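Engineer: Have a look at this one.
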Amino acid sequence: MDQLDQQILNKLQQGLSLEASPFKHLAAELEIDVEQLLERIKKLKSANYIRRLGGVFNSKELGYQSTLVALEAEENNFYQIAKFINQHPGVTHNYRRTNRLNLWFTLTTETAVAREAFLAKVVNQPGVKNLYQLPKEKFFKLNVFFDMKSDSEINLQEDGIK
Amino acid sequence: MTNKKAETARLKKMNKFKLDKVDKAIIKSMEKNIPLTINPYQKIADQLNIELVELLDRLKKLKQQKILKRVAAILYHRQSGYQANGMFVCFLPDVKLTAIANKISSLKEVSHCYQRKTYPEWPYNFYAMFHAKNKSVLEDLVVETAAKHQINDYQILYSTEELKKSSLKYFTNDFDI
């Protein structure tokens, strides 16, 4: 990954313009031609730097609600439980973590009723010892912009993206 | 407890911006990858059977309504040099919470910060996601941060396995598993 790749990743995280040829616009900003830019983006995708390049929507504005859920899961049943949870389309993140609470996932549903119904099924899966819903009570920060340019130091830019 | 009526009222309020079939189709199409071509929106418009101008107008409107945040890249952060990701959890007493939370939020190594619900056997009300080049850098920073704010009861939970990571798919009917 060279400096140009880093610049491209930074620009792509900030967002493309809403116009007919957004890559042309970006290429002009970077002073390269658009074919070269598209080639680079394809490479960054196949090298697993870019997970997805598309629309980022506000689920809350679309009427969905999210919560964080932590489970204490029996090791013997761990993957079976994870598999059950993952089939829900509203589960977008699911991690094993180093703790008594060893399985953490986010759940987004259209209604509280749907959330409760699903979690009631989760808690009944074999090997689930405890389930905690950990909804947000207060928001302080959400910043998902990763500055690729600084090599020596991490720089999650303050004014990145909210 | 859940209450169907309150739920319906909330959803109605949320849908203050009524989305029609075309808006929903646009969202469904944009929640995937956009084509890597010179005119990606022309291609999407063709697939949706609408004019390019209409697509762009609707996207701009969705953006104005804050339904569309942006059209952008989501990275794999492990691949991007941020190898260590630790979830810091601690208990902060009410009187100190906002002040300390604001301080910790202002750290450039912290991406997410929330106050969350607690339980007697899980008393941590404050969560901050720390990112660093490696675990030892991350731990030094956490120790320093905790000492500075006199936080004694805290934990760092590392993710050791990604079991699922996807973006939300909207307007699906398969939410009721």
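The values are calculated or read from the model by the stated rules, or taken from the named source; none is laboratory data. In this text, all values refer to a predicted model and were calculated from it rather than measured experimentally. Cβ: placed from backbone, ideal geometry, glycine included. Neighbour counts: every protein chain shown. The protein model used for the area step is the full one, side chains on, heavy atoms only, and it has no ligands, DNA or RNA in it. Shrake-Rupley method; radii C 1.70, N 1.55, O 1.52, S 1.80 Å.
Engineer: What number of residues in the stretch A:111-146 are more than 21 Å from B:Y119 (Cβ to Cβ), part of a loop (DSSP other than H, G, I, E, B) and not aromatic (F, W, Y)?
Structural biologist: 4
Engineer: Further, regarding this structure: Among the numbered criteria (1) more than 8 Å from chain A (Cβ to nearest Cβ); (2) open to solvent by less than 60 Å² (accessible area, probe 1.4 Å); (3) hydrophobic (A, V, I, L, M, F, W, C); (4) touching a residue at least 40 places away in the same chain (Cβ under 8 Å), which single criterion is violated by B:M87?
Structural biologist: (1)
Engineer: Quickly run through the stretch B:136-165 and pick out the residues that are outside any strand (DSSP E or B), open to solvent by less than 40 Å² (accessible area, probe 1.4 Å) and at the interface with chain A (Cβ under 10 Å from one of its Cβ atoms). I'd like the intermediate steps shown before the answer.
Structural biologist: Just the residues of the stretch B:136-165 that are outside any strand (DSSP E or B), to begin with: B:136-153.
So of that shortlist, the ones also open to solvent by less than 40 Å² (accessible area, probe 1.4 Å) come out as B:138, B:141-142, B:145-146, B:149, B:151.
Listed by number, the residues that qualify are B:L138, B:L141.
Engineer: Can you tell me which residues in the stretch A:119-132 are more than 7 Å from chain B (Cβ to nearest Cβ) and touching a residue at least 60 places away in the same chain (Cβ under 8 Å)? Talk me through it step by step, then tell me what you get.
Structural biologist: Here is the first cut: in the stretch A:119-132, the residues more than 7 Å from chain B (Cβ to nearest Cβ) are A:119-131.
Matches in the stretch A:119-132: A:L131 only.
Engineer: Under 8 Å between Cβ atoms, at least 6 apart or on separate chains: pull out the pairs that start in the stretch A:94-118 with a residue that is touching a residue at least 24 places away in the same chain (Cβ under 8 Å) and at the interface with chain B (Cβ under 7 Å from one of its Cβ atoms) and end on any residue that is basic (K, R) and crowded, with 22+ Cβ neighbours inside 10 Å.
Structural biologist: A:T109/A:R115
Engineer: Turning to a different aspect of this structure: Can you confirm whether A:N94 is open to solvent by 30 Å² or more (accessible area, probe 1.4 Å) and of a type in the set (S, T, N, Q)? Talk me through it step by step, then tell me what you get.
Structural biologist: Working: open to solvent by 30 Å² or more (accessible area, probe 1.4 Å): no; of a type in the set (S, T, N, Q): yes.
For A:N94, the condition - open to solvent by 30 Å² or more (accessible area, probe 1.4 Å) and of a type in the set (S, T, N, Q) - is not met.
Engineer: Could you tell me how many of the residues in the stretch A:100-114 are more than 14 Å from A:Q133 (Cβ to Cβ) and either open to solvent by less than 20 Å² (accessible area, probe 1.4 Å) or at pLDDT 95 or above (or both)?
Structural biologist: Residues meeting the conditions: 2.
Engineer: State which residue is surrounded by the fewest Cβ atoms within 10 Å (Cβ to Cβ) when the search covers only the stretch A:14-48 and only residues that are under 23 Å from the mean Cα position of the chain (by Cα) and basic (K, R).
Structural biologist: A:K42
Engineer: Would you mind listing the helices (runs of 4 or more DSSP H) fully within the stretch A:1-110 where at least 1 residues are in contact with a helix residue (DSSP H, G or I) (Cβ under 7 Å, 6 or more places away or on another chain) and closer than 22 Å to A:M148 by Cβ?
Structural biologist: Details: elements: A:3-14, A:22-30, A:34-46, A:78-86.
In the stretch A:1-110, the matching helices (runs of 4 or more DSSP H) lie at A:3-14, A:22-30, A:34-46.
Engineer: Could you grab the pairs with beta carbons closer than 8 Å, sequence gap of 6+ or different chains, first residue in the stretch B:110-123 and touching a residue at least 24 places away in the same chain (Cβ under 8 Å), second one assigned to a loop (DSSP other than H, G, I, E, B)?
Structural biologist: B:T118/B:F91; B:T118/B:Y124; B:T118/B:N125; B:P123/B:F91; B:P123/B:D153
Engineer: Further, regarding this structure: Taking the criterion of being at pLDDT below 95 and within 30 Å of B:Q150 (Cα to Cα), would at least one residue in the stretch B:70-82 satisfy it?
Structural biologist: So far as the stretch B:70-82 goes, yes, one or more of its residues are at pLDDT below 95 and within 30 Å of B:Q150 (Cα to Cα).
Engineer: Same structure, new question: Go through the stretch B:100-135 residue by residue and tally those that are open to solvent by 50 Å² or more (accessible area, probe 1.4 Å), assigned to a helix (DSSP H, G or I) and within 20 Å of A:F146 (Cβ to Cβ).
Structural biologist: 1
Engineer: Restricting attention to the stretch B:106-135, and to residues there that are among the small types (G, A, S) and at pLDDT below 95, which single residue is nearest to the chain's Cα centre (by Cα)?
Structural biologist: At the first step, the residues of the stretch B:106-135 found to be among the small types (G, A, S) are B:106, B:111, B:128, B:132.
Checking the rest, the ones that are also at pLDDT below 95 come to B:106, B:111, B:132.
On the way: B:S106: 18, B:S111: 10, B:A132: 19 Å.
Filtering first and then ranking leaves B:S111.
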